[in-house]
Structures are given as structure tokens and as C-alpha cells.
Amino acid sequence: MKRGLARTTTYDLPLVAIVLVLLFLGLAMVYSASGITALDANDDPSTFLAQQSAWAALGIGAMFVASRVDYRLLRFLAVPLLLIALLLLGAVLVPGIGVTAGGATRWLRFGAFGLQPAELAKLALIVYLATWLGGKREQIGSWRITLPFILVTTVVVGLVVVEPDLGTAIVLVVVALAMYFAAGARLREFAALGGLAAVVILALALAQPYRLQRLLTFLDPWSDPQKFGFQTIQMLYALGLGGPFGEGLGAGKEKFGYLPHPYTDSIFAVLGDELGLAGALVIVLLFLALAFRGVRVALRAEDSTGALLATGITIWLCFQAWVNMAVVASLVPMTGITLPFISYGGSSLCVGLIAVGILLNVGRARTTERTSVPRASRRWRDGRPREPAPRGRGGLERKGSRNALSVHRWSSRPRS
């Protein structure tokens, strides 16, 4: 009788491989993009690489722990985690506590340790919405669910906007709406909330002069090439200089004083310059593969909470990656947002890896349950071989039978 190989692990190994490849490519690009800055500041070109490597090691350990802890236990941590995130977001706005850089107050500093609370807020909001909406699916669409959903999302997003950080706020809104729709919201409800969010975001973009200038610069970067259009033009130059296969790792020219923020927001431009179109396509394909594995985990989740966790995490990582790459290619207006697993930044890297650990646990929960079912004995107690039941008598009903076994589905109710 034909037998399959025994399963040696319950982890989604392709997902792990995708994330690790992105991580190691990110370390290489951080070293290349930050070397000249680190040399000028510290006489050591590997300063930022050492810091990012330490964060990566910490993040991988946290990812492993998160992948081993049952995601169902997150319902006990959802509210405390959200309250901690709100407290930290509020602390950033207190004068003398929040650290200001580049005209925005987004960081907290504890000695040599820095924290960006907005990164924690992304994961906290996803965990809270998944555990809350996952248990209220039958009530989705009622005001008892819609109003609290709008209130919680608005509070988190509002604190991020005040920093100001409109790019992260947009990511939070998109993730929250996607989770609400996946939880079972009808199309008209989703369209209404999406339209309301779009109007508010547009109003916020037009309310501040510098944001309005970014919109105008997006339409014509060469109208002010020395000031507002400078970064956009330099990012396009970097992509153009790279050509099909790039100028070589470490050989890019745009990072030498031309490209602002070369190892954070603009690191994809440096990658395009040094690894060319081929390298850029590899990153795009890796994030597409990450999206595929994440959606696969969501569709195969054992319950709605796991499915919503997988949905929120996948949308967060992939949408944020798309926004970063679209900004570099001048497909959307300028906004400061990092490329997950690639850009320099300890908070972003660690929280992202923890999120991947939760995603692995959601996929692992179903696999573990399926593989842990004891196998029936093939012999009777007296040693005689057990013969299979003939069709139509003792076996399971075939497809199409009135008594066929029902298939578990967490998916939402029909929408109209």
C-alpha cells in the first residue's frame, strides 16, 4: 500500500523562507545604503548593519516564540496590548518625552533604545479587531459593532495623524477596513466606510500646506527640482541608473549625498540602483509570494479569529510594501513609510517578525490538529487483518449523497 513521507514539521516553510530571504537582502542593502553615513558619523561603516543585525536576531527569536504560542490566547492580550499602544502613542505627543526628527514626533527614547509606537499600534489594532470581530460575526453590520469599530480605529489613527504620520495612518485604515470586510460586512457597508475614509484622508492631505505641496509635486516633480521635487527625481534617477542588472552591490551612486533617507524610506531606490530591474523584481515577487502564503493561511484557518489575524497581517505587510515601492516609482504621492524587512529600523523589523510568527501559528494550528489525529489500527484484537468496508455499506457516503459530511467553513455570510 502506498504511503506518504512522515511530516517532520508543522511550520509553513515556504513562508519562513520568504521572510528570511527578505531579511537577509535587507541586511545587505542596509549595509550598502548606510555605509557612507555611518563612516562619516562614527568612523565605522558597519554601525547601522550591527544595530540592524541585533534587531533581526531579537526579531527572529520573538517570531519563533510567537509561532509556538497558541494564537487563541491572544484574546486575553488584545485589550491590554491596545491600551499599551494607545498609551505609548499618547506619550509621544508629550513635550520632552517624544523625540522629534524631520519635523515629526514619532519616537520614544529609553537610553540607547528607541521605539516607534506606531509600529506596535499596527499589530495591536490587528490583534484587537481579529479577536473582537471574530466572536461577533453574526452581528457584523449592526450599529452595535459598526460604531465601536469606527471609534477604536479613529482613536488609533487620530493619534498617528497628530504625530504627524499620514502614511502609517493610511496603512492602519486600509488594514482595519479589510478586516471588517473579511469579518462579514456587506458590500454597501464596506463601500460607505471606504468612501468616508477616503474623504477624510483627502481632507487631511489638503489641510496641511506641505502635504498639498507633495500632491502638486507628485503631478510634476520637475516644477521644483531643487526643493520639493528633489527626492522624487533622485529616486527615479536611481531606478534608471540601475538598468537591467544594476551597478553592483555597494557601487550605487545616488546614496552618496543625492538620495535622502537612503537606508530607510528610499532603500528600494538604492536596491534598484545597485541590483537593477532584476533585483527589484525579485523583491516584488517575494512580497507577492508572501501575500499568497498569507491568503492561503487565512483561507485554511480553523476559526474566524485566525482567519482575521492572517488577513490583517498579510494586508499590512504587503500593502505597506506596495506603498513604499510605489512612492519610489512615483506612482503615488510622497509619504514616509518603510519597506518591511528591508528598511533600517528596529521597531518595524521586530514587530513585523512577531506578526509573521503569529501568522505561522495560525497556519500551524490547523496542521497540528490534522496530523495529531491517531491512526486507526489495521488489525483486530486477535491479530486478523482488518478488511476495508465495501462501498455503499460501511464506508462514508460518496460525494453528492444526502448524508455527506459537512465541510467546516469560517467564511463570511453571503453579501449583497
Looking only at the stretch 257-278, count how many residues are on the phi > 0 side of the Ramachandran plot and either touching a helix residue (DSSP H, G or I) at 6+ places or on another chain (Cβ under 7 Å) or outside the structural domain of LEU23 (by TED's automatic domain parsing) (or both).
-> 1
Of the conditions (1) outside any helix (DSSP H, G or I); (2) surrounded by 14 or more Cβ atoms within 10 Å (Cβ to Cβ), ALA197 fails just one. Which one is it?
-> (1)
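Would you be able to say whether some residue in the stretch 251-264 is in a loop (DSSP other than H, G, I, E, B), under 21 Å from the mean Cα position of the chain (by Cα) and hydrophobic (A, V, I, L, M, F, W, C)?
no
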Any pair with Cβ under 6 angstrom, 6 or more apart, that starts in the stretch 106-119 at a residue that is assigned by TED's automatic domain parsing to the domain that holds ALA169 and ends at one that is buried (at least 22 other Cβ atoms within 10 Å of the Cβ) and of a type in the set (Lys, Arg) = GLN116/ARG106
Meets criteria (of a type in the set (S, T, N, Q), within 25 Å of the chain's Cα centre (by Cα), over 22 Å from TYR31 (Cα atoms) and not in a loop (DSSP other than H, G, I, E, B)) for THR311 = yes
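Residue by residue, here is whether (1) surrounded by 14 or more Cβ atoms within 10 Å (Cβ to Cβ); (2) within 20 Å of the chain's Cα centre (by Cα) holds:
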{"residue": "ALA17", "(1), (2)": "no, yes"}
{"residue": "LEU23", "(1), (2)": "yes, yes"}
{"residue": "ALA33", "(1), (2)": "yes, no"}
{"residue": "LEU39", "(1), (2)": "no, no"}
{"residue": "ALA66", "(1), (2)": "yes, yes"}
{"residue": "PRO95", "(1), (2)": "no, no"}
Flag for VAL323 being under 18 Å from the mean Cα position of the chain (by Cα), in contact (Cβ under 8 Å) with a residue 12 or more places away in the chain and surrounded by fewer than 17 Cβ atoms within 10 Å (Cβ to Cβ) = no
Members of the stretch 248-267 found to be among the β-branched types (Val, Ile, Thr) and either over 15 Å from ALA280 (Cα atoms) or in contact with a strand residue (DSSP E or B) (Cβ under 7 Å, 6 or more places away or on another chain) (or both), listed by number = THR264
In the set ALA203, ALA182, ALA176, ALA191, which member is under 28 Å from the mean Cα position of the chain (by Cα), under 21 Å from ALA326 (Cβ atoms) and assigned by TED's automatic domain parsing to the domain that holds THR153?
-> ALA176
Meets criteria (in contact with a Phe, Trp or Tyr (Cβ under 8 Å, 6 or more places away or on another chain) and in a helix (DSSP H, G or I)) for LEU133 = yes
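When you go through GLY114, GLY167 one by one, which is the residue that is assigned to a strand (DSSP E or B) and of a type outside the set (A, V, I, L, M)?
Details: GLY167 fails: assigned to a strand (DSSP E or B).
Only one candidate qualifies: GLY114.
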Residue count, the stretch 43-97, condition in contact (Cβ under 8 Å) with a residue 24 or more places away in the chain and either of a type outside the set (A, V, I, L, M) or at positive phi (or both), comes to 14
The stretch 140-164 - residue that is assigned to a helix (DSSP H, G or I) and of a type in the set (Ser, Thr, Tyr) and, of those, farthest from the chain's Cα centre (by Cα) | THR146
Of the residues in the stretch 52-81, those that are farther than 21 Å from LEU129 by Cα and polar (S, T, N, Q) number 2
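The values are calculated or read from the model by the stated rules, or taken from the named source; none is laboratory data. The structure presented is a predicted model; accordingly, all values stated were derived computationally and were not measured. Every residue, glycine among them, receives a Cβ derived from its backbone with ideal geometry; neighbour counts consider all protein chains shown.
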